[in-house]
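Novice: Structure incoming, see below.
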Number of protein chains: 2
Amino acid sequence: MGRLAELFDPETVAVVGATDREGAVGRAILENLEDAFDGDVVPINPGRDEVLGHECYDDVSNAPPTDLAVIVVPPDAVIEALYDLGEAGTQNAVVITAGFSETGGEGAERERELRAAAEEYDLNVVGPNSLGIMSTPNGMNATFGPENALEGSISFMSQSGAFITAVLEWANEQGIGFQDVVSLGNKAVLDETDFVREWGDDPDTDVIIGYLEGIDDGDEFVRAAREVTDDTPIVLVKAGRTDAGAQAASSHTGAIAGSEQAYEAGLEQAGVIRAHSVQELFDYARALSGLPEPDRDGVAVVTNAGGPGVLTTDAVGDSTLEMADFADGTIDALREAMPDEANVYNPIDAIGDADANRFGEALDVALNDPNVGSAVVVSAPTAVLQYDRLAETIIEKREDHDTPVVACLMGGERARAAEEVLREFGIPNYFDPSRAVSGLDALATYRDVRRRTIDEPTTFDVDRERAREILARATERDDNRLGVESMDLLEAYGIPTPDGEIVDDPDRAQAVAGSIAGDVVMKIVSPDISHKSDIGGVKIGVADDDVYDAYENLVARARNYQPDATILGVQIQEQLDLEGATETIVGVNRDPQFGPLLLFGLGGIFVEILEDTSVRVAPIGENEARAMVDEIRAAPLLRGARGRDPADVEGVVETIQRLSQLVTDFPSILELDVNPLVAGPDGVQAIDLRLTVDTDDLETGGHQ
Amino acid sequence: MGRLAELFDPETVAVVGATDREGAVGRAILENLEDAFDGDVVPINPGRDEVLGHECYDDVSNAPPTDLAVIVVPPDAVIEALYDLGEAGTQNAVVITAGFSETGGEGAERERELRAAAEEYDLNVVGPNSLGIMSTPNGMNATFGPENALEGSISFMSQSGAFITAVLEWANEQGIGFQDVVSLGNKAVLDETDFVREWGDDPDTDVIIGYLEGIDDGDEFVRAAREVTDDTPIVLVKAGRTDAGAQAASSHTGAIAGSEQAYEAGLEQAGVIRAHSVQELFDYARALSGLPEPDRDGVAVVTNAGGPGVLTTDAVGDSTLEMADFADGTIDALREAMPDEANVYNPIDAIGDADANRFGEALDVALNDPNVGSAVVVSAPTAVLQYDRLAETIIEKREDHDTPVVACLMGGERARAAEEVLREFGIPNYFDPSRAVSGLDALATYRDVRRRTIDEPTTFDVDRERAREILARATERDDNRLGVESMDLLEAYGIPTPDGEIVDDPDRAQAVAGSIAGDVVMKIVSPDISHKSDIGGVKIGVADDDVYDAYENLVARARNYQPDATILGVQIQEQLDLEGATETIVGVNRDPQFGPLLLFGLGGIFVEILEDTSVRVAPIGENEARAMVDEIRAAPLLRGARGRDPADVEGVVETIQRLSQLVTDFPSILELDVNPLVAGPDGVQAIDLRLTVDTDDLETGGHQ
């Protein structure tokens, strides 16, 4: 994109609505800009000639050209100001003014007008209802809120202005610096996806962090973030995770929440690292902004105290990392360097009389070990350990080895002083061993994001035209709930189904059954009867001779159960040998933000009671389909646990992909359940199908 | 106990091994004692007349009587010093000296001598290998480590001296105070159970916290802690939770770890709140030491900012608490008190221009709501909000309502100043909304601990003598692995088993089968063949006519499989109708620290693959047995999910209790598995049994 660079690095900034009235937002912004901004500031206000010593212009059109305008006029005047700016050639605006979609009704209409104005002049608009933006390299604080941020390599966006205020005061105290900061406001024009793209291209941004309550276009965000996370880590707090939180978020921003399941899958597929608290957000960001990538999972722990060493080891056990298994040479070298009482196995306990030198020797040996990918230095304060010397030693050893090292120097004032020294060299110090390890864990997670290859969805050779016709027939019937009568849809997409047919008279039933070897299964077919088994609408093991009577009996039961039910006929299906086979479920739901969500699990209690499922945003490729199968807890059952024959997992993986293609081709499919998809040793078969379609628009999905 | 009171409140303290040599531990202790201790200090050292201005005695016997001795002499001299102290009438000693069991071999022998000396004179001994102890009311710092603690109501024990040093420096900075602090060292005499009892009786201790790597006598600890937690909360970090951590802990303290499963169950049954990090330990302790008990789970959130409000709501969603559903009157009152733009539903958003007064009004209304049991005040810093005023307002409202309130005043310097004010009134301020909520959650957890009633184990009318005989027979055979041949054991304890018998000739087999209605199940019975099905050692659905041949065939197969196997016979068992029944497993394992652990789960994949189990330390009462059934994820299956008939859950609950009684009566049962215990709609039946017994000692368990 690149175009947003000017938003953060303008030479001249207009403040539309600037004033010198005490307590006014228009004054606060001007004062904040005056504080450190190295460009020019141009106040615009028809009522004044001068504001805080700057020449003031009555109108944008009379003012000198500006690269960025910060708009603080009343809501009614915002749209006109944008048109004026567009005419004057200003490309970037931050709308501070509130009273848009967040107030509903009239405000929402005003926001549509704002969007129209932005489109007409191709303006980059932040907000409305924004706290403003900051960029530290040029000292620009175009917000009405907090003090200036320190300079750093973290770029930060937030859907909550207060979150920025709360965090910046604290971050300044902690010495945590930022590159750009954006209060997203209502995201009428620019949203999280735009800033992720912009910062992904910014060589001065090492980490992108954000507080979001919703993502407007999940699909687009995933695409952008996937690309960006190849080079730049993204850490997000997505608030509104829980039901209560989602309700609170929706009353805060007025946004439709979308499901947490969709966010979880979508953000994971996007390569985004999720933080669940403010503390985690910054714990991760601090590690990601200053440290190299760990090239393996083994962690070395160096300490002067057994207890903290054990705590750190527990934290490693809880993480995705593992305690490094030291090579023999390492053990020997540690024995050489450490006193007899020291523990030379990992965690290395250099014991209570260790000074900074001994820590340094132990760390050096550990970082030379081929099994060590990262290290934690954990210390309790003692009389012989100088924390400033320890900090210098850690910095030195880390640079010698290009391996990530984090610190957990515990204690009071001296710990804080050492922390400052470490920070300058990008080494975070954490109060708690578990947080130190979670910092390393974030590095490993991001390494895995960078290393993963996302395979393109396979395009299978399918009969799309036939599928279109089947869905069109439903539309003609104005029937939005389809069942087994649409099994052809699966066949059209190459998904195996048992031999059989839906028939609407008993003679035909008998004929079809006759053409199938062995007994058959018969099921009533009616869009009005969803729990067929419960009303006796399913018969299994029907011999050829009994098919005629069974047909009549099924229809009679259905009529009896619901006299006005539409009965499409009876399905005659080959009876499969299910011995040794496993029932699975593949489902699809459409999320308002992310589109089709694929769900996989084992049938029966596994999905319904144990909630043992995996979810992805479609479309997905083969690797992701396989990961869906592997990550359910009950996966060993499919792989052949407890003496079972392994099921045809590849068949399941292919079916998931074919369904991914189907629901991507036809956005009109709102919900779909293949339940069960039976997976036996020799293949898979889709036994039953239910789907809900949008009958308004087949190919595009009228709802979108 | 009470006897330990003198340990923490001595009038005279001897320092055995006191010296004025710079850098010596004996000097550090003396200096720490001199710092603020309001009693007398008596140095003992045969080489000096005076140490740091105190008259020095060459021997305990020549010194004035002392209430407590701190011993820092070399390891060889410790035992003699203890005898001298015992003779002189000193009852309490802290052994700082290291070189005991932690060094193995000779040191372990020395520790046995230490224990013997303590027993002879009934001495209270802390350590050896201890950092020392502190008590703030009398200013006693009898450690060689950290600065004095601030006075407070938290009593703190730690198995790691370094952990104390690391934490105290930080706690002093944070203004967190302590009552007593103990470095447990090797726990040769006094251990965690003693201090839990002592502090449970101490009116000045509001919360007991600890860092432990192991608990010596789990059973005893559970008993003590259960009693203490009626009045005083206990929060523990039990390090060595993970496999790697347990290994590190065992190399640190030399203790046998015991299983994490046992600690988890045992500590939960004891009413102990577990913290998983240093931060959690103090986050919980701060809430528990200053706030009243929440009388319901509804949480009110009051904020001036949407984003932090949503984050707090998510944290409540993650906790055991819930967002309070405000009564209509509350909504009305809030509408009255708040501006139009405010959100009067929970979380209450008093919006960005809220001052301390508006916060106060909102908090007052919320605390009056009958559905509110606790509240969180979350704020972002703004120009109009004075944090000092906000702190005072929170203190005032909290006192008016006697409801717990925690704060999350975000920001920098001003937040820290407000925090100090809040702290004085027992209100913790947390940096992060999620930590604030976890503080409240700890309060609710402790409330539930206090409210629970632990029912006494039911004593069922069993045939203990018969069970003893069955186990004795195994002992006679010197056979420590028993199987179905011991099903009588279950019968003796009133656990239903299918009709049947073990026979050792085919004629008898036929006779027994004839006396049983319907087909029978036949299984080879041999202690040497554990996977009977795998070798074809099980036949089901055997008709009476086929029993003779089946017998011979089973024996032949077993011989063929393992010619030298001991074959005890063939079990002839009634074939149960398993349609609609659920297979469950009840198992017992013996933990070195906690004794018999009961385990419950559903059969097959549920235990083996999904690890869906519940665990308790035996003996347990009815409530706990029922909780074991209810807390597995698959519990709905037993309760009649998906159209199944509910199983006889009460039968399962009773069986668990009867097994609890069995393994409590016979400590010689080391392992026991009833697998499966089939639970049908009309009752339960134990189908198969395996147990391992200690053949040395039946009634007491030779291993104990």
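Novice: Checking the condition among the small types (Gly, Ala, Ser) and part of a helix (DSSP H, G or I), which residue from B:Ser614, B:Ser660 passes?
Specialist: So the residue among B:Ser614, B:Ser660 that is among the small types (Gly, Ala, Ser) and part of a helix (DSSP H, G or I) is B:Ser660.
Novice: Let me ask something else about it. Go through the residues of segment A:251-264 one by one and say whether even a single one is touching an Asp or Glu at 6+ places or on another chain (Cβ under 6 Å), farther than 26 Å from A:Ser374 by Cα and outside any loop (DSSP other than H, G, I, E, B).
Specialist: Within segment A:251-264, one or more residues are touching an Asp or Glu at 6+ places or on another chain (Cβ under 6 Å), farther than 26 Å from A:Ser374 by Cα and outside any loop (DSSP other than H, G, I, E, B).
Novice: Related question: If I go through segment A:423-459 residue by residue, how many of them are in contact with a strand residue (DSSP E or B) (Cβ under 8 Å, 6 or more places away or on another chain), farther than 23 Å from B:Ser277 by Cα and among the hydrophobic types (A, V, I, L, M, F, W, C)?
Specialist: Qualifying residue count, segment A:423-459: 1.
Novice: Another one. Which one of these does A:Asn124 not meet: (1) surrounded by fewer than 24 Cβ atoms within 10 Å (Cβ to Cβ); (2) under 27 Å from A:Tyr83 (Cβ atoms); (3) out of contact with any strand residue (DSSP E or B) (no Cβ under 8 Å at 6 or more places or on another chain)?
Specialist: Failing condition for A:Asn124: (3).
Novice: Could you check, for segment A:361-379, whether at least one of its residues is within 17 Å of A:Gly412 (Cβ to Cβ) and more than 14 Å from chain B (Cβ to nearest Cβ)?
Specialist: no
Novice: For B:Ser251, work out the one condition from (1) surrounded by fewer than 20 Cβ atoms within 10 Å (Cβ to Cβ); (2) farther than 30 Å from A:Gly245 by Cβ; (3) touching a residue at least 60 places away in the same chain (Cβ under 8 Å) it doesn't fulfil.
Specialist: (3)
Residue-by-condition table, conditions (1) on the phi > 0 side of the Ramachandran plot; (2) within 14 Å of chain B (Cβ to nearest Cβ); (3) at pLDDT below 85; (4) out of contact with any Gly (no Cβ under 7 Å at 6 or more places or on another chain):
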| residue | (1), (2), (3), (4) |
| --- | --- |
| A:Ala224 | no, no, no, yes |
| A:Pro233 | no, no, no, yes |
| A:Ala246 | no, yes, yes, no |
| A:Ala249 | no, yes, yes, no |
| A:His252 | no, yes, yes, no |
| A:Gln261 | no, no, no, yes |
| A:Gln269 | no, no, no, yes |
| A:Val272 | no, no, no, yes |
| A:Ala275 | no, yes, no, yes |
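Novice: Can you tell me which condition B:Ala375 does not meet? The list is (1) in contact with a Phe, Trp or Tyr (Cβ under 8 Å, 6 or more places away or on another chain); (2) among the hydrophobic types (A, V, I, L, M, F, W, C); (3) touching a residue at least 40 places away in the same chain (Cβ under 8 Å), and all the others hold.
Specialist: (1)
Novice: Now for a separate question. Test of understanding: among A:Ala28, A:Ala5, which residue is open to solvent by less than 80 Å² (accessible area, probe 1.4 Å), closer than 17 Å to A:Asn138 by Cα and modelled with pLDDT under 95?
Specialist: A:Ala5
Novice: I would also like to ask the following. Restrict the check to segment A:429-443 and report whether at least one residue is in contact with a Gly (Cβ under 7 Å, 6 or more places away or on another chain) and surrounded by fewer than 20 Cβ atoms within 10 Å (Cβ to Cβ).
Specialist: No, every residue in segment A:429-443 fails to be in contact with a Gly (Cβ under 7 Å, 6 or more places away or on another chain) and surrounded by fewer than 20 Cβ atoms within 10 Å (Cβ to Cβ).
Novice: Identify, from the list B:Arg414, B:Arg435, the residue that is without any contact (Cβ under 8 Å) to a residue 40 or more places away in the chain and not assigned by TED's automatic domain parsing to the domain that holds B:Gln279.
Specialist: Within the list B:Arg414, B:Arg435, the selection yields B:Arg414.
Novice: Of all residues in segment B:650-677, which are farther than 21 Å from B:Phe594 by Cα and open to solvent by 10 Å² or more (accessible area, probe 1.4 Å)?
Specialist: B:Glu650, B:Gly651, B:Glu654, B:Asn675, B:Pro676
Novice: Further question on the same structure: Please verify whether segment B:278-286 includes one or more residues that are outside the structural domain of B:Asn346 (by TED's automatic domain parsing) and in a loop (DSSP other than H, G, I, E, B).
Specialist: No: segment B:278-286 contains no residue that is outside the structural domain of B:Asn346 (by TED's automatic domain parsing) and in a loop (DSSP other than H, G, I, E, B).
Novice: Go through B:Asp180, B:Asp230, B:Asp219, B:Asp206 for me and flag whichever is within 13 Å of B:Ala270 (Cα to Cα), touching a strand residue (DSSP E or B) at 6+ places or on another chain (Cβ under 6 Å) and not hydroxyl-bearing (Ser, Thr, Tyr).
Specialist: Every option except B:Asp219 fails the conditions.
Novice: If you take the residues in segment A:165-222 that are within 28 Å of B:Leu385 (Cβ to Cβ) and of a type in the set (Phe, Trp, Tyr), which one is farthest from the other protein chains (Cβ to nearest Cβ)?
Specialist: A:Phe178
Novice: Out of segment B:388-427, which residues are more than 14 Å from every other protein chain (Cβ to nearest Cβ) and small (Gly, Ala, Ser)?
Specialist: B:Ala391, B:Gly426
Novice: Any idea which residue in segment A:475-509 is farthest from A:Leu578 (Cα to Cα), counting only those that are open to solvent by less than 50 Å² (accessible area, probe 1.4 Å), touching a helix residue (DSSP H, G or I) at 6+ places or on another chain (Cβ under 7 Å) and in a helix (DSSP H, G or I)?
Specialist: A:Pro506
Novice: Next up: Just checking, which of A:Pro294, A:Pro308 is in contact with a Pro (Cβ under 8 Å, 6 or more places away or on another chain) and part of a loop (DSSP other than H, G, I, E, B)? Write out each step before concluding.
Specialist: Details: A:Pro308 fails: part of a loop (DSSP other than H, G, I, E, B).
Matching residue, one of A:Pro294, A:Pro308: A:Pro294.
Novice: So, in segment B:132-164, exactly how many residues are modelled with pLDDT under 95 and over 19 Å from B:Ile208 (Cα atoms)?
Specialist: Residues flagged as modelled with pLDDT under 95 and over 19 Å from B:Ile208 (Cα atoms) within segment B:132-164 amount to 4.
Novice: Counting only residues that are away from chain A (no Cβ under 11 Å) and of a type in the set (Asp, Glu), which one in segment B:296-350 is surrounded by the fewest Cβ atoms within 10 Å (Cβ to Cβ)?
Specialist: B:Asp328
Novice: Looking only at residues in segment A:611-646 that are without any contact (Cβ under 8 Å) to a residue 24 or more places away in the chain and open to solvent by less than 40 Å² (accessible area, probe 1.4 Å), which one is nearest to the chain's Cα centre (by Cα)?
Specialist: So, considering only residues that are without any contact (Cβ under 8 Å) to a residue 24 or more places away in the chain and open to solvent by less than 40 Å² (accessible area, probe 1.4 Å), the one nearest to the chain's Cα centre (by Cα) is A:Ser614.
Novice: Condition test on A:Ile96, is it within 14 Å of chain B (Cβ to nearest Cβ), open to solvent by less than 40 Å² (accessible area, probe 1.4 Å) and closer than 24 Å to A:Pro137 by Cβ?
Specialist: Considered against the rule, which asks whether it is within 14 Å of chain B (Cβ to nearest Cβ), open to solvent by less than 40 Å² (accessible area, probe 1.4 Å) and closer than 24 Å to A:Pro137 by Cβ, A:Ile96 comes out as yes.
Novice: Looking only at segment B:117-162, which residues are free of Cβ contacts under 8 Å to residues at least 40 places away in the same chain and within 14 Å of chain A (Cβ to nearest Cβ)?
Specialist: If the condition is that a residue be free of Cβ contacts under 8 Å to residues at least 40 places away in the same chain and within 14 Å of chain A (Cβ to nearest Cβ), then B:Pro146, B:Glu147, B:Ala149, B:Leu150, B:Gly161, B:Ala162 are the ones that fit.
The values are calculated or read from the model by the stated rules, or taken from the named source; none is laboratory data. As the structure is a prediction and not an experimental result, all values here were calculated from the model. Neighbour counts are summed over all protein chains in view; Cβ atoms, including those assigned to glycine, are modelled from backbone coordinates with ideal geometry. These accessible areas exclude ligands, DNA and RNA; they are computed on the full protein's heavy atoms, side chains included. Shrake-Rupley method; radii C 1.70, N 1.55, O 1.52, S 1.80 Å.
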